[in-house]
Amino acid sequence: MREVELVIIGGGPAGVCAAIEAAKCGVQILLLDENPKLGGQIYRRLPDSLSITDQRQLGKDYSQGTQLLAELEQYSDKFELLRDVLVWGIFPDKELALLHDGKTEVLKAQRLILAEGAYDRPVPFSGWTLPGVLTAGAALRMVKAEKVLPGERILLAGTGPLQLALGAHLVEAGAKVVAILEASSLSDFWKQLPHFWGQWGVLKDGMDYLLKLCKARVPLLRGYAIVEAKGEEQVEQATYAKVDRNWQAIPSTEKRAEVDTIITGYGLVPSTRLSRLCGCRQKWNPYLGGWVPCHDEYMETTLPGIFAAGDCSGVEGAVVAQEEGRLAALKVCQQFGLITPEEASRRYSAIFKKLRGLKKFEAALNNIFAIRRGLLGQIIDDVIICRCEEVTAGEIRKVINEGFTSLREIKVLTGAGMGPCQGRMCEPIIADIISIETKQSIEEVGFYSPRPPIKPVSFGCAAEGDSG
Ligand SMILES: Cc1cc2nc3c(=O)[nH]c(=O)nc-3n(C[C@H](O)[C@H](O)[C@H](O)COP(=O)(O)OP(=O)(O)OC[C@H]3O[C@@H](n4cnc5c(N)ncnc54)[C@H](O)[C@@H]3O)c2cc1C
């Protein structure tokens, strides 16, 4: 079995910056990503089938991604890159199972940096499984990287600054954005305003998005949330309502809009499948998006030699992800004795200084936009929660009322979480339902323990590993 000094899983901002720092010090690196191109979510590249004559059309994120990937390219002789590779299993002693070109390779890492990112938080409501309902991340990918409009008359519902970015991109691309519903209130925003001091770049981006939306006369409705989607074959109508401080819909405040697309953006959930597979201890942090691996200030998890950086260690945006990737890589270099403790501490200090300001700002954003319970408490029994196995909220509540209150029992008795996504989408919602019904905290409810393979792979592929 081949052995590599450092394996970095994920080629987004965190993984790419980790690779740059480690390459500078001469560590032997294998950088892996499931996508055909590096860049992760925010810096996602255009597919080969698309070309563009005016690069400015691709926007600021794209050009920042181009710069970062060009920096990585300078060290291309110092690392091995595998794209289109799924890491489907991690076993004791940092043994990894990779699926590449339809074949499994098993290899051993001396050090591991997990930079697997995050994914859209699903928030179910009546009609959310109708064609025409999609999440903000998916819509951003369509409009930014694939230049495809998800629909013509669009309602955005959710919370957080990504909604403004998405709204502006959609308007620019020619869609009619009927309204943006923001669940948080203006007073939540004013309370955190002092923490925005100094973050001029991000504030300017926000103002630019707002200006584009104002010009296109898109109403931004604060304190509103989506409650229902209706339609025969696909979405035709959306019902939304005013929400209270806990984001529970206030009766008799409903309004309706004729739309063909509803995009929900209730923030991101850190991807912790790989860190859970490794057995890294996890902690619950509602402000960082949910369960995150515990780590020290250098991003090393509770398992020595395994690091978690970027959104998978808590959702705090691309710049924080980059700095965390650098920190983890520097610590690896120090552990291999490739930089002196003095040099390491000089470089850590510069990163810590940068992270302090950024983290304050991200904490303020998370305080405003962290999801509130009222939104989930109102899910009616008919609503499907596990889309893979089509299990409804009613079926889950019935089992809970019969006394089966753990995630595992509900999985076994209803099948929820047993489909192709392995609970990635429904776990946070089922945990919330259990917590609401049984008055346990989310920490008490816990999380699923993933088993390899984390995504479907064929028996043939799984059996082909060269370690027996
Ligand atoms: C769908 C989506 C769209 C977003 N769009 C924007 C945006 O337009 N603007 C913005 O400011 N922020 C956006 N964000 C947030 C932003 O992406 C993040 O803050 C930032 O990209 C985090 O960087 P990261 O390196 O931690 O993770 P990511 O950029 O998410 O990169 C993680 C990488 O890990 C790879 N990976 C994960 N698991 C495996 C595995 N098992 N095997 C192999 N590879 C794996 C993924 O393919 C991915 O490329 C988006 C987030 C999501 C989820």
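The values are calculated or read from the model by the stated rules, or taken from the named source; none is laboratory data. The structure presented is a predicted model; accordingly, all values stated were derived computationally and were not measured. In this analysis, Cβ positions are derived from the backbone assuming ideal geometry, glycine residues included, and neighbour counts consider all displayed protein chains. Surface areas here come from the heavy atoms of the whole protein model, side chains and all, with no ligands, DNA or RNA. Shrake-Rupley method; radii C 1.70, N 1.55, O 1.52, S 1.80 Å.
With a probe of 1.4 Å, find how much accessible area the range 379-445 has per residue, and write the answer as a whole number in Å².
That works out to 48 Å² for each residue.
Compute log10 of I(q)/I(0) for the range 333-383 with the Debye formula, placing one identical point scatterer on every Cα and leaving out solvent, at q = 0.19, 0.23, 0.24 Å⁻¹, to two decimals.
Cα-only, vacuum Debye calculation for the range 333-383: -0.76, -0.87, -0.89.
From the residues Ala183, Gly231, Gly305, which one has its Cα farthest along the dipole of the chain in the positive direction, the dipole being from +1 and -1 charges on Cβ of Lys/Arg and Asp/Glu about the Cα centre?
Ala183
Is there a pair in Lys176/Lys215; Lys144/Lys242; Lys191/Lys242; Lys37/Lys147 whose C-alpha atoms are over 19 Å apart, and which pairs would that be?
Lys144/Lys242; Lys191/Lys242
Just from the alpha-carbon atoms, what are the Rg and Dmax of the chain in angstroms?
Taking only Cα atoms of the chain, I get Rg and Dmax of 22.2, 66 Å.
Roughly what % of Cα-Cα distances in the range 271-314 sit above 13 Å, to the whole percent?
Summing the P(r) of the range 271-314 above 13 Å gives 44 percent of all pairs.
How far is the Cα center of the range 254-293 from the Cα center of the range 55-99, in Å?
Computed from Cα coordinates, the inter-centre distance equals 23 Å.
Return the calculated 222 nm mean residue ellipticity for the chain, to the nearest 500 deg cm²/dmol, obtained by summing -39500 (n - 2.57) across DSSP H runs with n ≥ 4 and dividing by the residue count.
-10500 deg cm²/dmol
Normalise the Debye intensity by I(0) for the range 179-276, one equal point scatterer per Cα, no solvent, then take log10 at q = 0.11, 0.21 Å⁻¹ and round to two decimals.
Values returned for q = 0.11, 0.21 Å⁻¹ are -0.48, -1.19.
With the alpha-carbon atoms as the only input, what is the per residue convex hull volume for the range 70-175 in Å³?
Per residue, the Cα convex hull of the range 70-175 comes to 195 Å³.
Compactness ratio of the range 133-204: Cα Rg over 2.2 N^0.38 Å, N = residue count?
With N residues counted in the range 133-204, Rg over 2.2 N^0.38 Å equals 1.24.
Taking only protein heavy atoms and a 1.4 Å probe, what accessible area per residue, in Å², does the range 122-266 have with all protein chains in place?
Heavy-atom SASA per residue in the range 122-266 reads 48 Å².
Work out the length of the dipole vector of the range 122-266 about its Cα centre, built from +1 on the beta-carbon of each Lys and Arg and -1 on the beta-carbon of each Asp and Glu, and round it to the nearest 20 debye.
Around 460 debye, computed over the range 122-266.
Evaluate the distance, in nm, between pseudo-label points positioned 7 Å from the Cα of Arg281 and of Asp54 along their respective Cα→Cβ axes.
5.5 nm
If I take R0 = 60 Å and measure r between the Cβ atoms of Glu390 and Ser349 in this structure, what FRET efficiency does the formula 1/(1 + (r/R0)^6) give, to the nearest 0.05?
Rounded to the nearest 0.05, the efficiency is 0.70.
Please state the charge dipole magnitude for the chain, taken about the Cα centre, from unit charges on C-beta atoms (+1 on K and R, -1 on D and E), reported in debye and rounded to the nearest 20.
The calculated dipole for the chain is roughly 1260 debye.
Can you give me the Cα centroid spacing of the range 348-379 and the range 154-220 in angstrom?
Their Cα centres are 17 Å away from one another.
What is the calculated FRET efficiency for Glu342 to Asp296, with r their C-beta to C-beta distance and R₀ = 30 Å, to the nearest 0.05?
Efficiency at R0 = 30 Å is approximately 0.90.
Pop out the Kirkwood hydrodynamic radius of the range 379-445 from its pairwise C-alpha distances, inverse of mean 1/r, in Å to one decimal.
11.4 Å
How many Å² of accessible area per residue for the range 1-96, probe 1.4 Å?
I get 48 Å² per residue for this part.
Accessible area of Lys147, 1.4 Å probe, to the nearest 10 Å²?
Its heavy atoms expose roughly 90 Å² to the probe.
Taking all protein chains as present, what is the carbon and sulfur share of the accessible area of the chain, in % to the nearest whole number, probe 1.4 Å?
Within the chain, the accessible surface is 53 percent carbon and sulfur.
Can you tell me which aspartates and glutamates have their Cα less than 14 Å from the Cα of Lys353? Leave out same-chain residues fewer than eight positions away.
Candidates past the 8-residue exclusion: Glu297, Glu323, Glu324.
Would you work out which of Ile154, Met425, Val391 lies farthest towards the positive end of the dipole of the chain, given +1 charges on the beta-carbon of Lys and Arg and -1 on that of Asp and Glu, about the Cα centre?
It is Ile154.
With a Förster radius of 56 Å, plug the Cβ-Cβ distance of Gln67 and Glu402 into 1/(1 + (r/R0)^6) and report the FRET value to the nearest 0.05.
So the FRET efficiency works out to roughly 0.50.
Ranking request for peptides 107-114, 16-23, 190-197, 207-214: highest mean number of other beta-carbon atoms within 10 Å first, then the rest in descending order.
Highest to lowest by the protection proxy: 16-23, 107-114, 207-214, 190-197.
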